[in-house]
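Here is the structure we will look at, set down as structure tokens.
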Amino acid sequence: MHKVLSKSQIEQYHDEGFISPLRVITEADALSIKTQLEEAEELYPEEINAESRNNLHLSFSFLDALAHNTTIVDAMEDLIGPDIALWASVMFIKEPSSKQYVSWHQDATYMGLDSVDFPTPWIALSPSNIETGCMTMISGSHKSAIQKHEDTYAENNILTRGQVIPNVDENKAVNLILRPGEMSIHHGAIIHGSQPNNSNQRRIGFSLQSYISPEIKQVVGRNIWTHIRGKARHDVDGLALDRPKYNMDPITVSQRKIAEENLSDILYKGAKLKRKY
Ligand SMILES: O=C(O)CCC(=O)C(=O)O
């Protein structure tokens with residue numbers, strides 16, 4: 001018996017590499033989280049900005065709550081079983097009428113794990129559609145191996161290395177249209193990307209990249225894992241994370257710093273250049 005996902009949704013995840021849309025919280029709650037995020041951006045500009053967008057769930061309690069949201073975690077359990085840890089998170093913000101885009105890529109390429117088989121929920125905190133620059137998935141592409149990525153460091157490409165898979169066959173491209181409070185779930189090996197935001201509002205998506213079962217091991221670098229549910233992982237290097245009791249809870253701020261350094265070492269391993277995110 002599955003907790004949240006239907007049999008056909010689970011089949012769709014395995015066949016196409018994604019599920020969308022799924023309602024997680026109400027539209028009003030999503031807009032309230034967006035307001036909290038924007039207040040936090042004002043109050044702590046050094047901590048949350050376009051270059052400091054990773055692992056915000058480690059030191060902001062309203063995002064920690066989303067990472068542990070029962071509907072999201074139940075959906076994860078339906079896909080990967082009861083023992084779950086979160087690898088990292090990324091707040092993907094595209095400013096109104098901006099050129100920022102995400103090139104075709106496969107998430108698992110630079111995560112340094114010994115498997116590509118894991119899900120990422122992406123929660124819309126504002127409307128995500130063709131005008132605002134929603135994610136587009138190449139249906140079924142998770143079934144082929146990790147493709148060669150070229151690091152471009154292109155200015156408006158908001159991926160770490162501006163990495164891109166050339167010559168993607170876009171015939172099977174599917175746009176994931178989400179209302180605030182809905183999520184999509186995508187597979188670690190699916191080819192996906194997103195176009196610029198041509199609207200007059202921000203496009204904000206919180207990517208919980210990714211929920212991982214303990215059978216999957218970190219083989220590059222030392223990740224700081226967030227324990228979510230079930231049996232804890234063994235490869236946590238002795239750092240049992242405190243969850244933030246409130247935004248910027250001091251102990252969690254220093255934990256996030258360590259997590260950020262480790263994540264950067266993983267994501268930029270062998271890269272010519274390191275960007276700040
Ligand atoms: O937010 C976007 O447009 C892209 C996000 C993405 O690539 C991801 O969550 O894996």
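The table below gives the values:
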item: Residues satisfying the stated conditions in the stretch 126-148, i.e. away from the ligand (no atom under 11 Å from the Cβ), assigned to a loop (DSSP other than H, G, I, E, B) and in contact with a Lys or Arg (Cβ under 8 Å, 6 or more places away or on another chain); result: Ser126, Pro127, Ser139, Gly140
item: Residue within the stretch 195-218 that is in contact (Cβ under 8 Å) with a residue 12 or more places away in the chain, assigned to a helix (DSSP H, G or I) and away from the ligand (no atom under 16 Å from the Cβ) present; result: no
item: Residue check, Lys272 in contact (Cβ under 8 Å) with a residue 40 or more places away in the chain and either in a loop (DSSP other than H, G, I, E, B) or not β-branched (Val, Ile, Thr) (or both); result: yes
item: Search result, residues across the stretch 129-171 that are among the basic types (Lys, Arg) and surrounded by 14 or more Cβ atoms within 10 Å (Cβ to Cβ); result: Arg161
item: Candidates Ser98, Ser61, Ser103, Ser89 - the one that is surrounded by fewer than 18 Cβ atoms within 10 Å (Cβ to Cβ) and closer than 24 Å to His192 by Cα; result: Ser98
item: Residue check for Glu41: part of a loop (DSSP other than H, G, I, E, B), among the acidic types (Asp, Glu) and free of Cβ contacts under 8 Å to residues at least 60 places away in the same chain; result: no
item: All strands (runs of 3 or more DSSP E) inside the stretch 69-111 with 2 or more residues being more than 15 Å from the ligand (Cβ to nearest atom) and in contact (Cβ under 8 Å) with a residue 24 or more places away in the chain; result: 84-86
item: Ile190, sole failed condition from (1) part of a loop (DSSP other than H, G, I, E, B); (2) under 26 Å from Lys257 (Cβ atoms); (3) within 15 Å of the chain's Cα centre (by Cα); result: (2)
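Values quoted throughout were computed directly from the atomic coordinates according to the rules given, and no laboratory measurement underlies them. All values derive from a computational prediction rather than experimental measurement. Here Cβ is always computed from backbone atoms with ideal geometry, including for glycine, and neighbour counts include all displayed protein chains.
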